[in-house]
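Here's the structure, in structure tokens; my notes come after.
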Amino acid sequence: MNNLLTAKELKEQGSLVDLLSRLGYQPVPKRGREKMYISMLRDNDTQPSFSVNDDLGVWFDHGAGKGGNIIDFGLAYWKNLGFNEVVKKIQEVCSIAPTEQRVPRPRKPVKVQHVVERVKPIGVHPAITDYLKSRGVFDVAKFYLSEVYYYIEDENDVRKHYFAAGWLNENNSWEVRNRYFKGCMGHKGITIIPGHPKKAAVFEGFIDFLSWRFDNPDADHSIIVLNTLTLLQQGITKAKAFSSLDIYFDRDKAGKLASRDFIKALPYATDRSVIYEGFNDYNDKIKAQVKMPAATQNNKTDFFANVKVPFER
């Protein structure tokens, strides 16, 4: 094929279940609306821990604590390929031809409604609190996140209620995350927190931003959180407004490729991931610190008195 679908078109037309089937992976007997697989992203998985909700077009690997859309899966599965190569690979494997002028496949999100019922401050629901504490970011999360309560209604008017920690992106949609799910209530978008007019720190997701904030409570950088690597090019465009850029992407293949592409576009940007060398991402470093004996950790409790939230909801 000479032409590639855009990332948006691929997410609309591609099916995770179809892609996995063509790659030779079949789910265990269906449980609810999700299909469960032995993880193909990890060699040590013996119990089905890789879940796919094809209605929503998302996956989550419970053993790795990571998930995303069909392109995020491709980046994780074909670690040696770049972003455009992954888009092309998925298109080829799934036999999606751009010349067919195909309309988006009849995926349930066209019919399924995601409705946010209410938003509460962090600290109300114990499950959300425990999740954020397990990530080592609860104390700082109180300044930036909210508890989002929402339901999903399918084509049969059946509602299922959920809750998660979340924050708003530039499209006024909630990026939500809990122990079992990572997604967006609406249109994906970047989140920007205004700060210093000349310097910015750039992150893949808000958990890593919170991890950095935990270590740097007094930093005055503007913040750019992509919320997904599929928005890398948009993030680069927004980052051009700053003359000093620090990048804190994951140290896996996808994160390293994103850092390379970012620095190629903006050569003055600096990859700061060496700070958590030996870990996959910034949050893994923070979680390791949380597990250390209290006597060996730096006492950061008083630092949060100086944390400022430079934006309003």
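Every condition in (1) at pLDDT 95 or above; (2) in a loop (DSSP other than H, G, I, E, B) holds for Asn171 except the one numbered (1). Considering (1) out of contact with any helix residue (DSSP H, G or I) (no Cβ under 9 Å at 6 or more places or on another chain); (2) under 27 Å from Ile70 (Cβ atoms), the lone condition that Ser222 does not fulfil carries the number (2). Among the candidates Gly189, Gly205, the residue that is open to solvent by less than 20 Å² (accessible area, probe 1.4 Å), more than 18 Å from Val137 (Cβ to Cβ) and modelled with pLDDT under 95 is uniquely Gly189. How about the range 264-289: which of its residues are among the hydrophobic types (A, V, I, L, M, F, W, C), buried (at least 16 other Cβ atoms within 10 Å of the Cβ) and part of a helix (DSSP H, G or I)? Within the range 264-289, Ile286 is the sole residue that qualifies.
Only one of the numbered conditions (1) open to solvent by less than 20 Å² (accessible area, probe 1.4 Å); (2) among the aliphatic types (A, V, I, L, M); (3) closer than 23 Å to Leu245 by Cα is not met by Val176, and that is (3). Among residues of the range 227-241 being crowded, with 16+ Cβ neighbours inside 10 Å and at pLDDT 95 or above, the one that is nearest to the chain's Cα centre (by Cα) is Gly235. Of the set (1) under 16 Å from Ala200 (Cβ atoms); (2) buried (at least 19 other Cβ atoms within 10 Å of the Cβ), all apply to Ser244 but (2).
Counting only strands (runs of 3 or more DSSP E) that sit wholly inside the range 175-235, those with at least 2 residues that are in contact with a strand residue (DSSP E or B) (Cβ under 6 Å, 6 or more places away or on another chain), β-branched (Val, Ile, Thr) and under 30 Å from Thr6 (Cβ atoms) are 191-193, 222-225. Would you confirm whether any residue within the range 155-167 is open to solvent by less than 10 Å² (accessible area, probe 1.4 Å), more than 28 Å from Ile223 (Cβ to Cβ) and modelled with pLDDT under 85? Within the range 155-167 (the criterion being open to solvent by less than 10 Å² (accessible area, probe 1.4 Å), more than 28 Å from Ile223 (Cβ to Cβ) and modelled with pLDDT under 85), the answer is no, since none of the residues qualifies.
Arg42 meets all of the listed conditions (1) modelled with pLDDT of 85 or more; (2) open to solvent by 30 Å² or more (accessible area, probe 1.4 Å) but one, namely (1). Where helices (runs of 4 or more DSSP H) sit wholly within the range 64-137, those with at least 2 residues that are open to solvent by 70 Å² or more (accessible area, probe 1.4 Å) and at pLDDT below 90 occupy 83-93.
The values are calculated or read from the model by the stated rules, or taken from the named source; none is laboratory data. These numbers were taken from a predicted model, which means no experiment stands behind them. No Cβ is skipped: glycine too gets one built from the backbone with ideal geometry, and neighbour counts run over all protein chains shown. Accessible surface areas use protein heavy atoms only, side chains included; no ligands, DNA or RNA. Shrake-Rupley method; radii C 1.70, N 1.55, O 1.52, S 1.80 Å.
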